[in-house]
Amino acid sequence: MNDPEDVVTSKLAELLRHPDDLDKIASLKAEFTRKKTAVDSQLRVGLQEQLSITQSGMDAITEGQRTVNMIKEEMMKIDRLCVEAQNMVRNFPFVDKVARMHANFKAVEDMLNSIETFGQSLDDLEELLREDDQDMENQNNLLAIHYGLTQLRDVRDKAMDQIKNEDSSLELINNLQLDSGATMQDLFSRLDEVVDWFDEHVGSACINLINLVQAGNNGMVVRLALIIEEEEKKDRQVKALQDAQREFKDLASRFMQMNSMGQKELRGYKEKFLEAIRLNAQAQFDGSSEAFLEDPDKLEKSVRWFFNDLNTVKLGMQNLMPKKWRIFTTYVNIYHQLMHDFLLEKVDDPELNPPHMLAIVQWASKYYAKMDKLGVPATKLHPHVIDDREADLVREYRNLITKAVDQWMDRIAATDKASFIERKENSLDTDAEGHFRTKTLGDMWRMFKEQLSVAASSQRPDVVEGVVDAMIVTLRSRQDMWKSLADSETAKFTSPAPTAFVDTPDQHALAVQTLQDWLVALANDQIACIDDHEEAGQVSYLTLFRRDYEPLVTPAYAQTLNMETESLSNTYVDLGTHCISLFVSLIFVDFRPVLAQFFTPSWYNQKGMAQIIATFEDYLADYTHVLHPSLRDVLVEELADELLVRYLSAVRNKNVKFRRSDPFTEKIKDDVVTAFEFFSRYETSFPTIKDKFRAVNSMVSLLSTEKGPGNEFGLIADAYGAFKAENWDLQISFVESVLRTRDDFERGMLNAVKHRAGVISANADFGQREERMGGETVMNKIR
């Protein structure tokens, strides 16, 4: 460790680095003095506290030692007096022996006198018990029976105690034969039977104690209380004697006379009395449990007896019982603990249903209100009736609902997946308008409505909000599932190496058709979720869902959730459009041979476009009536987009070469006119389609624009610039493919186009470019 002087010197060197720092010495000294004073003060206070605690402990130890010494001195005095008393009496051993013989003789004489009447006493008690059997509501002989049994039990206990001491004169009693021919063992056995009989009477009265009070049978209640109080007093004496014997074995052995008096064992009538109260209440709770499980709304009604009993004890029993028992408080403690156990047993039941969980949560506050009316505030009821688990139970209740939602959705998803992958006959449904639909959509939304109703019964917005959040998540998961399934199943037919195995063309056509039917049904489902026509009485599933939850949640949450549902609605549109796009991609699988001939030498003599359009007409004729009306224009536009993309991409076909002498411009024009003749029938979509087909004109410009004088390529670069201006996402790779199909292609053409592309990119205004990038053009699909 560093030398303290070195540490001080180092600290001073840090504080006084410059001559001007010497002026700070006074202020530094004052600050250090203040800090030292504060530290000294804290140390003094802490030291004083420690000294006070230590002194208190030492005083307690000293006082304890003093008390122990006093006890020892008193014990020594008692022992000395005993020894001196023995020495003061002449011939003390002989006198002591004679005294003990006399005591034993007197004990034998008393025991024989008691034994002579033991059998008759038992007969009398049995007769009294038979009389009480006929009137269990009153049991007028209860006190007399208890007094008689107490005497007989004391006789039995004394006899057994003396026998245990192995006194030979008393050992004969055990085998003593009475005039009746019975032995003492027979009498003691009969006594046990009579005691059990008496205990049954007492137990019956304890079990029916509330009914006795309600019936106004106060005498019976008082008699029962007197018996239990007397037994409680004797049990306390026995307990004190047992404790003394255990703690002071040496002293206890000196007082054999005291040890041999009266009752020796705890009989526990008070404990049995309290246990009877508990068992009676538990039996009633068992009945309440059955009623509650049948109908959670009956919880309050099923435990009405609980408060009736406590009110009976408060108004009618307190004056009939010893005050020290505090009988009302005793009942409250027992009943409250049973209510606590009853509710938590249900709460911890993994099979508990949400309505039952909710009933328990709502019951807790009602319970404390009712107990407060009885004069028992919540502060005196421990533990809390549901262990302060309201928040946890509300969360569990919400989780039970969301778990039910998840389970429902998992089952629906499993059914949908199996149905979609197998695509068996009659696996789809139709709505009232004849549009294809899946069979589980309506079931899903009905389940949402039912679970929302369950959540609403909690009358807690936080529960409803949590459930709605879970439903939104499941809806998004369902959308993702459908998109993934639709993509994977479609790819089996549309990928360059199809994985859908079919044996014949007819089977292939049937497989494609069933998949297309499902894609149409899925697209219809998405529109049904969001399509509202309230003027015609048609409301979408999502709107009905919103109307169901909005009154149940907070306004702030409703506003946030409306944004979620709006996003969800947009996703439904996207998924519906995507399904139609996949539907169209399946159509083009059969066009591969035709499309492969486009722009090749054989193209000039074929009617490939007319063949494609004829197929379009057949599909629209077949599917228009089963497709939702709002998707028909989407189908037409998707057909046009896919046709345009495939047509433009055909420049990459093998053997494509545009010769200046060939009438390729006229042939392309003929193809476009053929397409327009078909699409012009759809007035709503045709303007958009026509605008997109301008890309064909731009491609033709790239193909037909002549080289400038001196083999300059400025005009071709201009054609590219015009193409790029209309389609900001035009890829240079596509332009290169087009240029390379010209029979007069030169490297300079491509260089001029790339140079122009660089100029356009450098000169483009960032804001305008971002505005153009707000929407993709058809050229984005061609790389």
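The values are calculated or read from the model by the stated rules, or taken from the named source; none is laboratory data. The shown structure was predicted, so the numbers you read here are calculated from the model rather than taken from an experiment. Because the Cβ atoms are built from the backbone with ideal geometry, glycine has one as well, and the counts that use them run over all protein chains shown. Side chains are part of the model used for accessible areas, which takes the heavy atoms of the whole protein and leaves out ligands, DNA and RNA. Shrake-Rupley method; radii C 1.70, N 1.55, O 1.52, S 1.80 Å.
When SER488, SER477, SER495 are checked against the criterion of being of a type in the set (Gly, Ala, Ser) and in contact (Cβ under 8 Å) with a residue 24 or more places away in the chain, SER477 stands alone in meeting it.
Residues in region 304-340 that are without any contact (Cβ under 8 Å) to a residue 60 or more places away in the chain and in contact with a Phe, Trp or Tyr (Cβ under 8 Å, 6 or more places away or on another chain): PHE306, GLN318, TYR335, MET339.
Okay, residues lined up against (1) out of contact with any His (no Cβ under 9 Å at 6 or more places or on another chain); (2) within 22 Å of VAL303 (Cβ to Cβ); (3) of a type in the set (A, V, I, L, M, F, W, C):
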position: LEU358; (1), (2), (3): yes, yes, yes
position: PRO377; (1), (2), (3): yes, yes, no
position: ALA414; (1), (2), (3): yes, no, yes
position: SER419; (1), (2), (3): yes, no, no
position: ASP429; (1), (2), (3): yes, no, no
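Pairs only if they're at least six apart or on different chains, beta carbon under 6 angstrom, first in region 741-755 and of a type in the set (D, E, K, R), second open to solvent by 30 Å² or more (accessible area, probe 1.4 Å); list them, first residue then second. Matching pairs, first to second residue: ASP743/LYS657; ASP743/ARG659.
I need the full set of residues from region 211-240 which are more than 18 Å from ASP154 (Cβ to Cβ), within 49 Å of the chain's Cα centre (by Cα) and open to solvent by 10 Å² or more (accessible area, probe 1.4 Å), in order please. Residues satisfying the conditions are ASN211, VAL213, GLN214, ALA215. Only residues that are modelled with pLDDT of 70 or more and either hydrophobic (A, V, I, L, M, F, W, C) or on the phi > 0 side of the Ramachandran plot (or both) were counted in region 146-165, giving 5.
A Cβ distance below 8 Å, combined with a sequence gap of six or more or placement on separate chains, defines the contacts here; from region 377-405, residues that are modelled with pLDDT under 90 reach residues that are among the charged types (D, E, K, R) and not in a helix (DSSP H, G or I) in the pairs VAL394/ARG460.
Of all residues being within 13 Å of ASP517 (Cβ to Cβ) and among the hydroxyl-bearing types (Ser, Thr, Tyr) in region 417-450, which is farthest from the chain's Cα centre (by Cα)? Just the residue, please. Only one residue fits best here, namely THR430. Screening ASN570, ASN562 for residues that are of a type in the set (S, T, N, Q), more than 22 Å from ASP487 (Cα to Cα) and modelled with pLDDT under 95 leaves exactly one candidate, ASN562.
Please state which one of TYR368, TYR397 is touching a helix residue (DSSP H, G or I) at 6+ places or on another chain (Cβ under 8 Å), of a type outside the set (A, V, I, L, M, F, W, C) and crowded, with 18+ Cβ neighbours inside 10 Å.
TYR397
How about region 705-719: which of its residues are part of a loop (DSSP other than H, G, I, E, B) and not basic (Lys, Arg)? The answer is THR705, GLU706, PHE713.
Each row is one residue, and each column tells you yes or no for (1) of a type in the set (Val, Ile, Thr); (2) part of a helix (DSSP H, G or I); (3) in contact (Cβ under 8 Å) with a residue 40 or more places away in the chain.
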position: THR674; (1), (2), (3): yes, yes, yes
position: PHE678; (1), (2), (3): no, yes, yes
position: ASP691; (1), (2), (3): no, yes, no
position: MET699; (1), (2), (3): no, yes, yes
position: LEU703; (1), (2), (3): no, yes, yes
position: LYS724; (1), (2), (3): no, yes, no
position: ASP729; (1), (2), (3): no, no, yes
position: VAL735; (1), (2), (3): yes, yes, no
position: VAL738; (1), (2), (3): yes, yes, yes
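Taking (1) surrounded by fewer than 17 Cβ atoms within 10 Å (Cβ to Cβ); (2) farther than 19 Å from ALA378 by Cα; (3) touching a helix residue (DSSP H, G or I) at 6+ places or on another chain (Cβ under 7 Å) in turn, LEU299 satisfies each apart from (1).
Note on region 479-590: enclosed helices (runs of 4 or more DSSP H) holding 1 or more residues that are exposed (fewer than 14 other Cβ atoms within 10 Å of the Cβ) and acidic (Asp, Glu) are 505-530, 555-587.
Looking at region 265-278, is at least one residue of a type in the set (Ser, Thr, Tyr) and either in contact with a His (Cβ under 8 Å, 6 or more places away or on another chain) or modelled with pLDDT under 90 (or both)?
No, region 265-278 contains no residue that is of a type in the set (Ser, Thr, Tyr) and either in contact with a His (Cβ under 8 Å, 6 or more places away or on another chain) or modelled with pLDDT under 90 (or both).
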